[in-house]
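The values are calculated or read from the model by the stated rules, or taken from the named source; none is laboratory data. Owing to the predicted nature of the structure, the values given are computational and were not obtained by experimental measurement. Virtual Cβ from ideal backbone geometry, glycine too; neighbours counted across all protein chains shown. Ligands, DNA and RNA are stripped out before the accessible areas are found, and what is left, the full protein with its side chains, is counted by its heavy atoms. Shrake-Rupley method; radii C 1.70, N 1.55, O 1.52, S 1.80 Å.
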Amino acid sequence: LVGPGEMLAMLGPSGSGKTTLLTALGGRLTKNKLSGKITYNGHPFSSAIKRRTGFVAQDEVFYPHLTVSETLVFTALLRLPRTLTRAEKVQHAERVMAELGLTRVAHSVVGGAYLRGISGGEKKRVSIGQEMLVNPSLLLLDEPTSGLDSTNAQRILVTLKRLAAGGRTIVTTIHQPSSRLYHMFDKVVLLSEGCPI
């Protein structure tokens, strides 16, 4: 049970079911693979709830030649409702960039395997930004610190903590957090072989 303004960490060894549980919470598992009940504020999962839920996968998928600004504006144009004008969507993308500390790299290309671009921590923040555009009340993240050094890992968690302080619910899986990161979580679920301990 996790509420608004709280950050929950799901811990456990590899293969313990962290990602599967997170995927189920995000409504991304087919019904025949699920048993039990998931409710949000007492209501069963629905498409309306799914629209208010952000899901950040472990592996980022970007167009490497687009800049950070172009990436977020493109996402905003695709995902925000038609009731907003193009200018409002661009403005919203700029607000999200500022909130995540990406303004400095707004005109840098994201990059990829064959093109040098922004750092791993900045890419992770762009991934979070793509989900923040829809202003989710629940944000689910799968291993947001994997592949990052301790400084960037802490920056990501400080960012998530700040987003939670704004009234959002944050649920994240994390593998072997340092004690400094561990103490940033409000609640912890420890999994082993698919069961909470």
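As I understand it, the value is the acute angle between the Cα axis of helix 120-132 and the longest principal axis of the Cα atoms of the chain; what does it come to in degrees, rounded to 10?
So the helix axis and the longest Cα principal axis differ by about 80 degrees.
Using a Förster radius of 41 Å, what is the FRET efficiency between Val134 and Ser192 based on their Cβ-Cβ separation? Nearest 0.05, please.
0.75
Which three extents, in angstrom, do the Cα atoms of the chain have along their principal axes, listed largest first?
Result for the chain: principal-axis Cα extents of 46, 39, 31 Å.
Got a number for carbon plus sulfur as a percent of the chain's accessible area, 1.4 Å probe?
C and S fraction of accessible area: 53 percent.
Scan the chain and hand back the longest stretch that contains none of the trypsin sites (Lys or Arg not before Pro) lying in DSSP loops with at most 16 other Cβ atoms within 10 Å.
Here the longest run is 117-197.
Quick check: the distance between the Cα centres of region 26-76 and region 151-175, to the nearest angstrom?
17
For Val61 and Gln176 in the same chain, what is the full-extension length gain: residue separation times 0.36 nm, less their Cα-Cα distance, in nm?
Roughly 39.0 nm would be gained on extension.
Going from the alpha-carbon gyration tensor of region 2-117, what semi-axes, largest first and in whole Å, does one get by taking the root of 5 times each eigenvalue?
31, 20, 14
Per residue, how much accessible area does region 22-65 show when a 1.4 Å probe rolls over the protein heavy atoms, in square angstrom?
75
Filter the cross-link list Lys33/Lys89; Lys33/Lys161; Lys50/Lys161; Lys37/Lys187; Lys37/Lys123; Lys50/Lys187 down to pairs whose alpha-carbon distance in this structure exceeds 30 Å.
With Cα atoms farther than 30 Å apart: Lys33/Lys89; Lys33/Lys161; Lys37/Lys123.
What are the extents of the Cα atoms of region 60-126 along their three principal axes, in Å, largest first?
Extents along the principal axes: 38, 20, 17 Å.
With every protein chain kept in place and ligands, DNA and RNA left out, what is the accessible area per residue of region 138-196? Probe 1.4 Å, answer in Å².
48
Based on the Cβ-Cβ distance from His183 to Leu115, what FRET efficiency comes out when R0 is 25 Å, to the nearest 0.05?
0.10
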